[in-house]
Amino acid sequence: MSSTTPTPTQHRRNGGDLVVESLAALGADTVFGLPGQHALGVFDALRRSALRYVGLRVENNAGFAADAYARTTHGVAPLLVSTGPGALMTLAALQEAAAGSAAVLAIGSQVPLAGIGGGRHGYLHELTDQSASFRGVVKSVHTARTASQIPSAVAAAWESALSAPHGPVWLEIPQDVLLAEADVPPVAGLEARPRELPPRPELIVAAADRLTEARRPVILAGGGVVRAGAEAELLALAERLRAPVATTFGGKGAFPWEHPLSLRSWMEDRYTTAFLEDADTLLVVGSGLGELSSNYHTFRPLGRVVQIEADLGKLESNHAALGIHADARAALAALVKEVGEREAAGLTGDGETPGSKAAGAAGPGSGSGSGDAPSPEAAVSDLLARVRDRIAGQHLDLEQQVLASVRDALPDGAVSCWDMTILAYWAWSAFDPRRTNALHSAQGAGGLGYGFPAALGVAVADPARPVLAVSGDGGAMYSIAELATARQYDLPVTWLIVDDGGYGILREYMTDAFGAATATELTRPDFVALAESFGVPALRTTPEQLRTDLAAALAAPGPSVVVLPAHLRMFAPTHLDS
């Protein structure tokens, strides 16, 4: 070795090693992120670990990818970022993860210990109180101030993220702690035990009383059912009660779309709202009945409400109910057991078998009860027919054609991720995901740019199946840099960009409200040429050719882009007429 050749320094384990060792000990195999100066200690440690690193080009997009990875796996998605600007760039993604109950464990660096506490020492990226920016967004905030604190802090954050309801957490570690020599053995026996949230037995008995005595029981299933993996329990309960089931936008896939009791997801439809209102007992599972799940707060229940919700802050936050603070799966399983035992005994609360009243009572929304009233299945069929007739009267053939083409092109079992765009708003109501946990969107917090990076996260979790991302041209510009990520990792994501020349839904809102739109028209790049410059195959299509072109793109290996120039419109709102 010549005298000018540098001698590699022998590595001594440091705080960064403790971070990656702790993540691996807890079961992580993949981390997302973007390096920065203060975080280099943990990024260097990745090189010595078995963890798979997926790096994106913008921290917010890395957060969206981690969000969708967590939703897909029902596990924790570690997200590694740096101090100050890098940390703050994750906030919009963490807000979406909080709204969608995605267990993202965001680990950010901090300025050196000497700069913490608001002393204004002038360190690069210094904030007076960095963690304060996260407290109103995430479930919990954690700090490690010495190397020996790191494993326990990582385990506490992991446990918080996975406790019901799942959600994002923030852990920050100062730069010098990440670089400090770790005088402790390699992490091996670390455990995190997420808090379980079983229902109280007396509440299950009371809920079963109300449901089995009801003449018109109806169920509204929200995203909490999907996050808890409670689809089988929901199906079993609905069939025992013969109760129609509607799913919120976040709960899509929680109940089979073509089931005779499926009201589907027409939550912005007045007929559906009336159907839910007319239930004498409405069981709401995993939803807080917020703006989008209540037809913009026009929902007014006429009967009793039973609400199962893991997020205590959402329990009875909008409507009085028999509130059950519990994980959706645990509570539904307990209800299935309780109702099943009553069924086995041949009795409900007043001597009738479950479903016998519903079979001989009017379906919700169909008028007062009588002996020859339609069955629950007939009431569901009638409601869906009225919804179809309402949409058919609005001359929205192009929109329905495009959505049908996307559904036909997407293989059964494939996942789709949708940005905040008009076609996504149609999908919330009218798209059949054909399996559970197969449609993800940013409808929780409503930020632009979710679709494509989320699809990358899904593809990382399950690279054997193609993934579809859907964006408008405005939202696409938030994520365009991630074409490099898709190419670098050769991820099987097809990105459908519907190009209407601007922020289409805002154009509609402003025109309807003010007679003209302002600040909605956009200069766009040539998306096909731009994608190809990243080495990603791309093509421009038409509504007539969309099904064929999209299917071919999804069947091809690696990433691809399909651009559809089209001006789509929304169906008429119904909440303004209530």
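The values are calculated or read from the model by the stated rules, or taken from the named source; none is laboratory data. None of these values were measured; they are calculated from a predicted model. FYI the Cβ positions are ideal-geometry reconstructions off the backbone, even for glycines, and counts take in every protein chain you see. SASA here: full protein model, heavy atoms, side chains in, ligands and nucleic acids out. Shrake-Rupley method; radii C 1.70, N 1.55, O 1.52, S 1.80 Å.
Do we find that ALA484 is within 14 Å of the chain's Cα centre (by Cα) and part of a helix (DSSP H, G or I) in this structure?
When the stated conditions are applied, ALA484 does not pass them.
Of all residues in the stretch 124-136, count the ones that are within 17 Å of VAL169 (Cα to Cα) and open to solvent by 40 Å² or more (accessible area, probe 1.4 Å).
Result for the stretch 124-136: 5.
For the stretch 99-123, enumerate the residues that are over 25 Å from VAL31 (Cα atoms) and buried (at least 18 other Cβ atoms within 10 Å of the Cβ).
GLY115, ILE116, TYR123
Please indicate, with yes or no, whether at least one residue in the stretch 370-390 is open to solvent by less than 30 Å² (accessible area, probe 1.4 Å), at pLDDT below 90 and either touching a His at 6+ places or on another chain (Cβ under 8 Å) or at negative phi (or both).
yes
Has the stretch 178-200 got any residue that is open to solvent by less than 20 Å² (accessible area, probe 1.4 Å) and part of a helix (DSSP H, G or I)?
Within the stretch 178-200 (the criterion being open to solvent by less than 20 Å² (accessible area, probe 1.4 Å) and part of a helix (DSSP H, G or I)), the answer is yes, since at least one residue qualifies.
What do you reckon, is GLY346 closer than 20 Å to ALA236 by Cα and of a type outside the set (Ser, Thr, Tyr)?
yes
Checking LEU554 against (1) within 25 Å of the chain's Cα centre (by Cα); (2) open to solvent by 20 Å² or more (accessible area, probe 1.4 Å), which single condition isn't satisfied?
Looking at each condition in turn, LEU554 falls short on (2).
Spot the failing condition for ASP419; the list is (1) open to solvent by less than 40 Å² (accessible area, probe 1.4 Å); (2) acidic (Asp, Glu); (3) over 24 Å from THR542 (Cβ atoms), and only one is missed.
(3) is the only condition that ASP419 fails.
Since ALA445 meets every condition but one in (1) assigned to a loop (DSSP other than H, G, I, E, B); (2) surrounded by fewer than 21 Cβ atoms within 10 Å (Cβ to Cβ); (3) among the small types (Gly, Ala, Ser); (4) in contact with a Phe, Trp or Tyr (Cβ under 7 Å, 6 or more places away or on another chain), which condition does it not meet?
(4)
Just name the residue that is modelled with the lowest pLDDT out of those in the stretch 487-533 that are surrounded by fewer than 16 Cβ atoms within 10 Å (Cβ to Cβ) and of a type in the set (Ser, Thr, Tyr).
Top of the filtered list is TYR509.
Which of the residues that make up the stretch 113-155 are in contact with a helix residue (DSSP H, G or I) (Cβ under 8 Å, 6 or more places away or on another chain), part of a loop (DSSP other than H, G, I, E, B), at pLDDT 90 or above and over 21 Å from VAL19 (Cα atoms)?
Scanning the stretch 113-155 gives a single hit, VAL137.
List the residue pairs whose Cβ atoms are under 8 Å apart, where the first residue sits in the stretch 222-243 and is farther than 24 Å from ALA70 by Cα, the second is hydroxyl-bearing (Ser, Thr, Tyr) and outside any helix (DSSP H, G or I), and the two are 6 or more positions apart or on different chains.
ARG242/SER375
Among the residues of the stretch 213-237, what is the count of those that are open to solvent by 10 Å² or more (accessible area, probe 1.4 Å) and over 18 Å from PHE275 (Cβ atoms)?
11
For the stretch 60-67, does any single residue satisfy the condition of being farther than 19 Å from ALA153 by Cβ and open to solvent by 20 Å² or more (accessible area, probe 1.4 Å)?
Yes.
Can you find a residue that is closer than 22 Å to PHE452 by Cβ, surrounded by 14 or more Cβ atoms within 10 Å (Cβ to Cβ), touching a Pro at 6+ places or on another chain (Cβ under 6 Å) and not charged (D, E, K, R) anywhere in the stretch 558-565?
yes
Given the condition closer than 26 Å to ARG465 by Cβ, open to solvent by 10 Å² or more (accessible area, probe 1.4 Å) and in contact with an Asp or Glu (Cβ under 9 Å, 6 or more places away or on another chain), answer yes or no: does some residue in the stretch 74-91 qualify?
Scanning the stretch 74-91 turns up no residue that is closer than 26 Å to ARG465 by Cβ, open to solvent by 10 Å² or more (accessible area, probe 1.4 Å) and in contact with an Asp or Glu (Cβ under 9 Å, 6 or more places away or on another chain).
Sort out which residues of the stretch 39-59 are open to solvent by 10 Å² or more (accessible area, probe 1.4 Å) and not aliphatic (A, V, I, L, M), and write them in order of number.
Listed by number, the residues that qualify are PHE43, ASP44, ARG47, ARG48, SER49, ARG52, TYR53, ARG57, GLU59.
From the list VAL245, VAL184, VAL218, pick out the single residue that is out of contact with any Phe, Trp or Tyr (no Cβ under 8 Å at 6 or more places or on another chain) and of a type outside the set (Asp, Glu).
Going through VAL245, VAL184, VAL218 in turn, just one is out of contact with any Phe, Trp or Tyr (no Cβ under 8 Å at 6 or more places or on another chain) and of a type outside the set (Asp, Glu): VAL184.
Which condition number in (1) touching a helix residue (DSSP H, G or I) at 6+ places or on another chain (Cβ under 9 Å); (2) aromatic (Phe, Trp, Tyr); (3) in a helix (DSSP H, G or I) is the one that TRP495 fails?
Only one criterion is unmet by TRP495, namely (3).
Looking only at the stretch 550-578, count how many residues are charged (D, E, K, R) and free of Cβ contacts under 8 Å to residues at least 24 places away in the same chain.
0
Kindly establish whether GLU21 is at pLDDT 95 or above and in contact with a strand residue (DSSP E or B) (Cβ under 8 Å, 6 or more places away or on another chain).
Taking the combined requirement at face value, the residue does not satisfy it.
Could you pull out every one of the helices (runs of 4 or more DSSP H) wholly within the stretch 503-578 that has 1 or more residues that are touching a strand residue (DSSP E or B) at 6+ places or on another chain (Cβ under 7 Å) and hydrophobic (A, V, I, L, M, F, W, C)?
Counting at least 1 such residues, we get 527-533, 546-555.
Return yes or no: is TRP170 within 30 Å of ALA427 (Cβ to Cβ) and of a type in the set (Phe, Trp, Tyr)?
no
Yes/no matrix, rows are residues, columns are (1) at pLDDT below 95; (2) touching a helix residue (DSSP H, G or I) at 6+ places or on another chain (Cβ under 7 Å); (3) assigned to a helix (DSSP H, G or I):
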| residue | (1), (2), (3) |
| --- | --- |
| ALA157 | no, no, yes |
| LEU171 | no, yes, no |
| ALA232 | no, no, yes |
| LEU235 | no, no, yes |
| GLU239 | no, no, yes |
| HIS259 | no, no, no |
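Restricting attention to the stretch 324-341, which residues are surrounded by 17 or more Cβ atoms within 10 Å (Cβ to Cβ) and free of Cβ contacts under 8 Å to residues at least 40 places away in the same chain?
none
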